[in-house]
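A short reminder: the numbers here are calculations on the coordinates, not readings from a lab. None of these values were measured; they are calculated from a predicted model. For neighbour counting, all protein chains shown are included, and Cβ atoms are generated from backbone atoms with ideal geometry for every residue, glycine included.
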Amino acid sequence: CELLEVLKAKAITKVVLAGTKTGQGILATTEALSDEGLLVYIVRECVADSSVERHEVVLDQVLNQYADVLGVEAFREQISQEIMLDMYVAFKTVNPPAG
């Protein structure tokens, strides 16, 4: 998959998906990325489907097995915390404690 090659080449480990066809394209992409070990986030307000019922079922019962499915505010909070943790780990890796 070309997308996966690009993500791996750039050492990207976290992906936020947005788009239409929750029950098809979003689901297939989520499964593929998750199977490759990437952390996948889906923001509820950023995905849609032509069937509201299918959209809700896929978000609530399928995608949450492969990804973090969050509302926009919960996503902002979670990703902010994760970015801070990633920065801390990177800093400690470059600057290990003396001794």
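Here Leu39, Leu7, Leu70, Leu33 are screened, and the one residue that is in contact (Cβ under 8 Å) with a residue 24 or more places away in the chain and touching a Lys or Arg at 6+ places or on another chain (Cβ under 6 Å) is Leu39. Among the residues of region 1-36, those that are within 13 Å of the chain's Cα centre (by Cα), surrounded by fewer than 17 Cβ atoms within 10 Å (Cβ to Cβ) and under 18 Å from Ile83 (Cα atoms) comprise Ile12, Thr13, Lys14, Val16. What is the number of the single condition among (1) touching a residue at least 24 places away in the same chain (Cβ under 8 Å); (2) part of a helix (DSSP H, G or I); (3) not charged (D, E, K, R) that Ala90 does not meet? All conditions are met except number (1).
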